[in-house]
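Shown next, in structure tokens, is the structure this report addresses.
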Amino acid sequence: MTGSLLKDRVAVITGSTRGIGRAMAERFAREGARVVVNGRQPADALAAAADIPGSIGVGGDMSELANIEALVARALAEFGRIDILVNNAAISRRSAVTRVSDAEWDEVIRVNLTGPMFVTRAVVPVMKRQGGGVILNVISGAGTVGTPGFSSYAASKGGLVGLTLTWAKELDRFAIRVNALSPSALTDMMRQLPAEMLGPMEERLADPADVADVALFLVSDLGKTVRGQIVSAGAGPP
């Protein structure tokens with residue numbers, strides 16, 4: 001399906017070389033968006049962008065300030081604006097609470113929570129100058145209902161919920177809408193779950209393309225009245 005819901009809008013999607021992020025990049029492009037595809041490895045970002053019309057690929061870990069500055073600068077140099085930011089990049093580590101190492105904790109929080117904070121901090125001034133924009137944070141049921149064995153991941157996603165609710169109130173007066181999307185889709189991250197947890201809900205999990213449709217609603221004018229909400233896509237906690 002193609003359309004014009006995002007015609008001429010520029011969308012930055014972190015962690016969009018595969019999975020849900022890739023599905024969103026493809027869906028937004030089909031609706032007319034010019035997409036900045038991002039992944040940790042530049043080669044992966046370039047390869048994904050080559051398959052998505054109207055997109056560019058910018059590699060780099062979005063928890064590193066220099067990479068964030070380079071991504072924003074490239075987006076503005078190529079397209080002149082940023083209308084949509086999707087904070088999707090994330091990692092997950094499975095460890096019982098007594099086995100969570102200092103290194104694991106620091107890495108997951110840095111990528112999943114500090115990264116979105118830094119990217120948003122860099123993009124908001126651009127959106128303010130433009131007169132508005134949309135920010136969508138990809139969270140997880142791990143951060144709202146909990147998932148045993150994923151303390152660091154749950155903490156990072158719970159923190160992102162708090163940032164979503166805070167930014168929605170703080171940025172509304174600048175015509176910047178902020179929401180969170182909580183997907184339950186069969187991705188590489190979901191496959192880390194123990195079989196006894198994944199099995200009962202596997203048939204109810206959404207396809208990444210279905211999640212992308214929900215994201216499209218939230219970032220387009222179809223969702224213009226939705227602010228400060230956590231929207232679920234798929235069934236069952238990740």
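Can you confirm whether region 4-15 contains a residue that is at pLDDT below 95, in contact with a strand residue (DSSP E or B) (Cβ under 8 Å, 6 or more places away or on another chain) and either farther than 19 Å from Ser156 by Cα or part of a helix (DSSP H, G or I) (or both)? The answer is yes, given that some residue of region 4-15 is at pLDDT below 95, in contact with a strand residue (DSSP E or B) (Cβ under 8 Å, 6 or more places away or on another chain) and either farther than 19 Å from Ser156 by Cα or part of a helix (DSSP H, G or I) (or both).
Checking Ala49, Ala73, Ala66 one by one, the residue that is surrounded by 23 or more Cβ atoms within 10 Å (Cβ to Cβ), assigned to a helix (DSSP H, G or I) and more than 13 Å from the chain's Cα centre (by Cα) is Ala49 and no other.
In region 120-133, the residues that are free of Cβ contacts under 8 Å to residues at least 60 places away in the same chain form Cβ pairs under 6 Å with partners that are part of a helix (DSSP H, G or I) and not small (Gly, Ala, Ser), at six or more places apart or across chains, as follows: Ala122/Ile68; Ala122/Val72; Lys128/Phe174; Gly133/Met127. Can we say Val86 is assigned to a helix (DSSP H, G or I), buried (at least 18 other Cβ atoms within 10 Å of the Cβ), of a type outside the set (Lys, Arg) and in contact with a strand residue (DSSP E or B) (Cβ under 9 Å, 6 or more places away or on another chain)? No; evaluated as a whole, the condition is false for this residue. Residues of region 140-183 that are outside any helix (DSSP H, G or I), at pLDDT below 95, of a type in the set (A, V, I, L, M, F, W, C) and surrounded by 17 or more Cβ atoms within 10 Å (Cβ to Cβ): Phe150 alone.
The values are calculated or read from the model by the stated rules, or taken from the named source; none is laboratory data. Since this is a predicted model, take the numbers as computed values, not measurements. Glycine gets a Cβ as well: all are built from the backbone with ideal geometry, and neighbour counts include every protein chain shown.
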